[in-house]
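Data first, discussion second: the structure below is written as structure tokens.
The values are calculated or read from the model by the stated rules, or taken from the named source; none is laboratory data. Nothing here was measured: the structure is a model prediction, and the numbers come from that model. Cβ placement follows ideal geometry from the backbone for every residue including glycine, while neighbour counts extend to all protein chains displayed.
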Amino acid sequence: MQEYFIIIISAVLINNIVLSQFLGICPFLGVSKKLSASLGMGGAVSFVLVLAGALTWAVQVYLLNPFKIGYLQTIAFILIIAALVQFVEMVMKKYSPPLYKALGIYLPLITTNCAVLGVAIINIQKEYTFGKVMVHSLSHAAGFTLALVLMSGIRERMEDADIPESMQGTPIALVIAALMSIAFLGFSGLI
Amino acid sequence: MSLINEFTKGIIKENPLFRLVLGTCPSLAITTSVENGLGMGVAFTAVLIASNIAISTMRSIIPDNVRIPVYVVIIASFVTMIDQLMHAFTPALYTALGIFIPLIVVNCIILGRAEAFANKNPVIPSIFDALGMGVGFTLALVLVSACREVLGAGTFYGIPVLPESAPAILMILPPGGFITLGCLLGLMNKLQKKTA
């Protein structure tokens with residue numbers, strides 16, 4: 001039990017996927033202008049991330065390892081993720097149109113989101129069991145959503161701020177991210 | 001003449017990192033030292049050139065509606081090759097870059113060049129386009145990592161450059177990456193406005 005708890009704390013706060021591992025920066029900068037959009041993106045990424053974590057783990061353990069073709073990992077994983085995103089999109093469109101409407105536009109972007117592939121590879125590198133893979137993926141998904149939501153909250157308020165012209169947009173967003181990252185550094189003493 | 005144009009546009013006018021803000025993940029994560037930045041840039045350039053050549057050669061036989069998956073598989077194959085090569089010949093760099101070597105697959109610049117350039121142009125211009133983009137990205141990585149390494153560790157490519165003093169360790173920690181890239185982007189915007 002304690003092991004799981006450590007995984008959760010470390011994935012959500014200490015090794016936050018965006019602010020300390022630098023994965024998924026593109027959506028973090030691109031879709032964090034509005035709170036509703038960042039919630040949508042967070043939801044879509046979490047969904048795919050957890051599913052992809054489970055699937056890639058199964059493929060690694062039952063397919064790549066027994067046949068000793070571990071070097072195909074990158075190709076296999078990216079194909080799984082691309083297919084999964086497409087599949088999720090189709091299923092959602094058919095069975096849950098409201099959810100599709102909310103998340104739909106973010107789904108295609110997720111294929112090239114390095115957070116999904118990154119977490120899948122970390123899961124394998126750390127040689128987690130299936131239970132830990134699920135907990136680890138879920139906590140990273142939560143960490144991603146947390147960072148995105150915090151960021152959009154700050155950026156909504158920044159709208160009124162008087163920022164020098166050349167710093168507007170992405171540059172100031174990166175400086176905000178730096179300050180948030182400093183705040184998250186404070187968690188490193190937790191464990 | 002136009003070949004030179006394809007080459008130089010990637011370095012300044014359409015610099016992938018500073019102008020198009022693509023490929024931010026690796027440029028924040030591995031730029032803690034100039035050596036890593038350079039290594040990443042070279043690996044990235046190699047993959048980009050190879051994938052541009054392959055995609056440009058096959059552009060007439062790839063069906064249009066499945067082109068993205070095809071590109072991804074082509075890119076992933078080259079990334080796997082680079083991954084294995086680096087594992088064998090530069091083990092230290094391989095460990096330092098870690099997870100970011102397989103993650104070259106999802107670097108938006110490579111897929112972006114495949115979609116925007118290689119599938120519309122013949123092989124030779126595609127090579128020059130890839131070279132220009134690769135060199136531009138490598139220069140950007142080296143610039144970011146130089147700022148971070150000099151300020152954060154007091155060294156440049158491992159050689160001490162700052163006088164004996166306590167370096168700002170923050171710069172080689174994650175926040176330093178964000179703040180360096182943010183300030184450099186702002187600076188680039190300002191410089192561009194002046195020249196324009």
Would segment B:38-53 turn up any residue that is touching an Asp or Glu at 6+ places or on another chain (Cβ under 7 Å) and crowded, with 23+ Cβ neighbours inside 10 Å?
-> yes
Can you find even one residue in segment B:58-76 that is touching a residue at least 24 places away in the same chain (Cβ under 8 Å) and under 14 Å from the mean Cα position of the chain (by Cα)?
-> no
If you go through segment B:1-13 one residue at a time, do you hit one that is among the acidic types (Asp, Glu) and surrounded by fewer than 20 Cβ atoms within 10 Å (Cβ to Cβ)?
-> no
Filter segment B:90-140 down to residues that are outside any helix (DSSP H, G or I) and not basic (Lys, Arg) and give me whichever is surrounded by the fewest Cβ atoms within 10 Å (Cβ to Cβ).
-> B:PRO122
Taking segment A:50-96 and keeping only residues that are of a type in the set (Ser, Thr, Tyr) and under 25 Å from A:ALA11 (Cβ atoms), one is left with A:THR56, A:TYR62, A:THR74
Failed condition for A:SER46, given (1) surrounded by fewer than 20 Cβ atoms within 10 Å (Cβ to Cβ); (2) assigned to a loop (DSSP other than H, G, I, E, B), with all others met?
-> (2)
Inside segment B:38-54, can you point out the residues that are within 14 Å of chain A (Cβ to nearest Cβ) and either under 20 Å from B:LEU139 (Cα atoms) or β-branched (Val, Ile, Thr) (or both)?
-> B:MET40, B:ALA43, B:PHE44, B:VAL47
Where residues in segment B:55-69 are more than 14 Å from chain A (Cβ to nearest Cβ) and aliphatic (A, V, I, L, M), which of them is surrounded by the fewest Cβ atoms within 10 Å (Cβ to Cβ)?
-> B:ILE61
Can you give me the ranges of the helices (runs of 4 or more DSSP H) entirely in segment B:1-83 with at least 2 residues that are closer than 23 Å to A:GLY118 by Cα?
-> B:24-29, B:34-57
At least 3 residues that are more than 14 Å from every other protein chain (Cβ to nearest Cβ) in each: list the helices (runs of 4 or more DSSP H) lying fully within segment A:104-191 that qualify.
-> A:130-158
Being surrounded by fewer than 22 Cβ atoms within 10 Å (Cβ to Cβ), within 11 Å of chain A (Cβ to nearest Cβ), without any contact (Cβ under 8 Å) to a residue 12 or more places away in the chain and farther than 21 Å from A:ILE182 by Cα, is that true of even one residue in segment B:158-176?
-> no
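Residue by residue, here is whether (1) at pLDDT 90 or above; (2) at negative phi; (3) within 12 Å of chain A (Cβ to nearest Cβ) holds:
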residue	(1), (2), (3)
B:VAL72	no, yes, yes
B:MET86	yes, yes, no
B:PHE89	yes, yes, no
B:LEU97	no, yes, no
Every pair of residues 6+ apart whose Cβ atoms lie under 7 Å, when the first sits in segment B:131-150 and is without any contact (Cβ under 8 Å) to a residue 24 or more places away in the chain while the second is of a type outside the set (Asp, Glu) | B:VAL150/B:PHE156; B:VAL150/B:VAL161; B:VAL150/B:LEU162
List pairs: first in segment A:32-57 and in contact (Cβ under 8 Å) with a residue 60 or more places away in the chain, second β-branched (Val, Ile, Thr) and surrounded by fewer than 17 Cβ atoms within 10 Å (Cβ to Cβ), Cβ under 6 Å, 6+ apart or cross-chain?
-> A:SER38/A:VAL149
The number of residues in segment B:111-145 that are modelled with pLDDT under 90 and among the small types (Gly, Ala, Ser) is 4
Check B:VAL150, B:VAL144 and return the single one that is of a type in the set (A, V, I, L, M, F, W, C), in contact with a strand residue (DSSP E or B) (Cβ under 7 Å, 6 or more places away or on another chain) and surrounded by 15 or more Cβ atoms within 10 Å (Cβ to Cβ).
-> B:VAL150
Checked B:ILE68, B:ILE12 against criteria (over 24 Å from A:MET167 (Cα atoms) and modelled with pLDDT under 90); the one match is B:ILE68
Those residues of segment B:141-196 which are part of a loop (DSSP other than H, G, I, E, B) and hydrophobic (A, V, I, L, M, F, W, C) amount to B:VAL161, B:LEU162, B:ALA166, B:ALA168, B:LEU173, B:ALA196
